[in-house]
Amino acid sequence: MGLSDIRGVPTSTDSQKALDLLEVALDQALAIRGDPVAVIDEALEAAPDFVLGYCIRAEFRLLTTERSGVPLAARDVEMAEALTGAANDRERGHIAAIRAWLEGDLEKAVERWEAVLLDYPRDLMAVFAAHNTDFFLGEAPQMRDRLSRALRAWDADTPGYGYVLGMYGFSLEEAGDFVRGEEYGRMAVELNPKDVYAIHAVAHVMEMQGRQEDGIAWMTGRQDDWAVDCGFSIHLWWHTAMYHLDLGQYDRVFEIYENGIRKSADGISLEELDAASMLWRLNLLGVDVSGRWDELADKWEPSAEDTYYAFNDMHAMMAFAGAGRDMAAAKLLAATASYVTERGGTNAQMTKDVGIPLCRALLAFSREDYGQTVDLLLPIRYKSNVFGGSYAQRDVIALTLIEAALRAGQFKLAHALLAERTAVKETSPMTWKLMGRALDGLGDKPHADDARTKAEDLLAGVHPITPVNTGLRSDPVFIPGGCLL
Ligand SMILES: [Fe+2]
């Protein structure tokens, strides 16, 4: 009993309309456009016993990593469980994954989706959910290998193939295989120029390789494909601004901030992660961001105690520290401490291991206690991947550590950290300028001048931008210095 979906994966529903709508929702979710939850609502109206519909709606909600989605996801999975008698093994696998997530065990959730994928590697939602959760867990090799395993059952005729290629491209990039990451990302974009996740995969490769001009050309050349009616546009604007930031083009960064990054409605959403991260980077570089912190902190404040995912907490703390909101910062720290003592599970561990030290470090930096910032960040710099996010996003941690070391007068440390950084991102003018400051601090004016000249030459195009790290890293998890973690 039950119809199979368009990839031949069985479901327990007899409603073709529900399955057709499910495909629309999946396409919207993977394209990061439209309102896939609303489409599933419609499918469930058409078929109230559509078990997979409840599962997928729950998964969409959980994957936002916003606490507000949790009770709704819990209700969905209860509906699905009430129909378990009619569910097939694939659907029961999804239910088990959602239950594991709701119990706070993200690793177990991934195991459950992987079990589904062993039997049904063409289950696009299981691929998507596991991929995203690997990302939240900072598990780059697993993220890469999971896609490799699933792709054994996919080919160009399988609906959704391009999306899987895009996910694979991003996974390869995060695992350090920049060459193949770019290849797969470009392949997916060729199949579908509006595949924003694949566009994003290539953008990440260019960020990691310090190909700022390539990145700007890549993003601006296909702006119409990602900047209009797309839920990912803010993050893609952030990536575009990152290239300009490295080139010291702060006017352009502010222009993008105002028109691309800072445009979400009142109230917090994940879009504010990018805003906080960009303002913090500008602050580190000594660029005045004027009243922008207050506006952002106003958005974060109502959810100061809603700790649910340590990676988001770090960005909330940036806003509070940047705006000087001591009360909100204290509330956030208290909430994270309670979470660790009262709750178990994946996020409690992430929060304990890296979330809390990071939040304290950001606060110390904003209070000009740079020595404490260094002390807090040094022990966790190689562990920060455990709370997810991309290498490019977590690079803000390395930049904060370097700037704190410089401001604390710890020039030997700053110089050493910058040596690591130039080794993996030789074409970053921002990095060479920082190197100049470290060498100045050490009293080595000739080499400081050399470093500044290198930055100026890069900006003037005197040195061709030929990245040094174009291939697979020997250990996908390890980047020298963790500076790009
Ligand atoms: Fe990204």
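Do the conditions hold for Gly221, that is, is it touching a residue at least 60 places away in the same chain (Cβ under 8 Å), surrounded by fewer than 18 Cβ atoms within 10 Å (Cβ to Cβ), away from the ligand (no atom under 16 Å from the Cβ) and not charged (D, E, K, R)? It is false that Gly221 is touching a residue at least 60 places away in the same chain (Cβ under 8 Å), surrounded by fewer than 18 Cβ atoms within 10 Å (Cβ to Cβ), away from the ligand (no atom under 16 Å from the Cβ) and not charged (D, E, K, R). Given (1) of a type in the set (Gly, Ala, Ser); (2) in contact (Cβ under 8 Å) with a residue 40 or more places away in the chain; (3) more than 16 Å from the ligand (Cβ to nearest atom), where does Gly231 come up short, assuming only one miss? Among (1) of a type in the set (Gly, Ala, Ser); (2) in contact (Cβ under 8 Å) with a residue 40 or more places away in the chain; (3) more than 16 Å from the ligand (Cβ to nearest atom), Gly231 violates only (3). Looking only at the stretch 212-227, which residues are under 20 Å from the mean Cα position of the chain (by Cα) and not hydrophobic (A, V, I, L, M, F, W, C)? Once the filter is applied, which keeps residues that are under 20 Å from the mean Cα position of the chain (by Cα) and not hydrophobic (A, V, I, L, M, F, W, C), the stretch 212-227 yields Gln212, Gly215. Filtering Leu117, Leu147 for residues that are modelled with pLDDT of 95 or more, over 25 Å from Asp35 (Cα atoms) and within 18 Å of the chain's Cα centre (by Cα) leaves a single hit, Leu147.
Reported count of residues in the stretch 399-408, each being surrounded by 22 or more Cβ atoms within 10 Å (Cβ to Cβ) and either within 12 Å of the ligand (Cβ to nearest atom) or aliphatic (A, V, I, L, M) (or both), is 5.
Scanning the stretch 1-47 for residues that are in a helix (DSSP H, G or I), polar (S, T, N, Q) and surrounded by 17 or more Cβ atoms within 10 Å (Cβ to Cβ) returns a single hit, Gln28. Taking the stretch 71-112 as the range and being modelled with pLDDT under 95 and either touching a Cys at 6+ places or on another chain (Cβ under 6 Å) or among the β-branched types (Val, Ile, Thr) (or both) as the test, only Thr84 passes.
Given the criteria at pLDDT below 95, among the hydroxyl-bearing types (Ser, Thr, Tyr) and within 23 Å of Arg211 (Cβ to Cβ), does Ser428 qualify? Against the criterion (at pLDDT below 95, among the hydroxyl-bearing types (Ser, Thr, Tyr) and within 23 Å of Arg211 (Cβ to Cβ)), Ser428 does not qualify. Of the helices (runs of 4 or more DSSP H) lying entirely inside the stretch 204-302, those containing at least 1 residues that are closer than 22 Å to Thr431 by Cα and not assigned by TED's automatic domain parsing to the domain that holds Asp457 are 212-221, 233-246, 250-256, 271-284.
Of the set (1) surrounded by fewer than 19 Cβ atoms within 10 Å (Cβ to Cβ); (2) in contact with a Lys or Arg (Cβ under 8 Å, 6 or more places away or on another chain); (3) among the acidic types (Asp, Glu), all apply to Asp123 but (1). The set of residues from the stretch 402-424 being over 28 Å from the mean Cα position of the chain (by Cα) and among the polar types (S, T, N, Q) comprises just one member, Gln410. Looking only at residues of the stretch 336-371 that are part of a helix (DSSP H, G or I) and of a type in the set (Gly, Ala, Ser), we find that the one that is nearest to Tyr308 (Cα to Cα) is Ala348. Answer yes or no: is there a residue in the stretch 253-261 that is among the β-branched types (Val, Ile, Thr), away from the ligand (no atom under 16 Å from the Cβ) and crowded, with 21+ Cβ neighbours inside 10 Å. Yes: one or more hits. Determine, yes or no, whether Val396 is at pLDDT 90 or above, within 16 Å of the ligand (Cβ to nearest atom) and either in contact with a Pro (Cβ under 8 Å, 6 or more places away or on another chain) or of a type in the set (A, V, I, L, M) (or both). Judged against the criteria, Val396 is a match.
Can you tell me how many residues in the stretch 159-215 are under 24 Å from Ile256 (Cβ atoms) and surrounded by fewer than 21 Cβ atoms within 10 Å (Cβ to Cβ)? Count: 5. Of all residues in the stretch 382-393, those being under 17 Å from Leu284 (Cβ atoms) and more than 15 Å from the ligand (Cβ to nearest atom) number 1.
The values are calculated or read from the model by the stated rules, or taken from the named source; none is laboratory data. In this text the structure is predicted, and so the values were computed from the model without any measurement. Quick reminder, even Gly has a Cβ in these numbers, built from the backbone with ideal geometry, and neighbours come from all protein chains shown.
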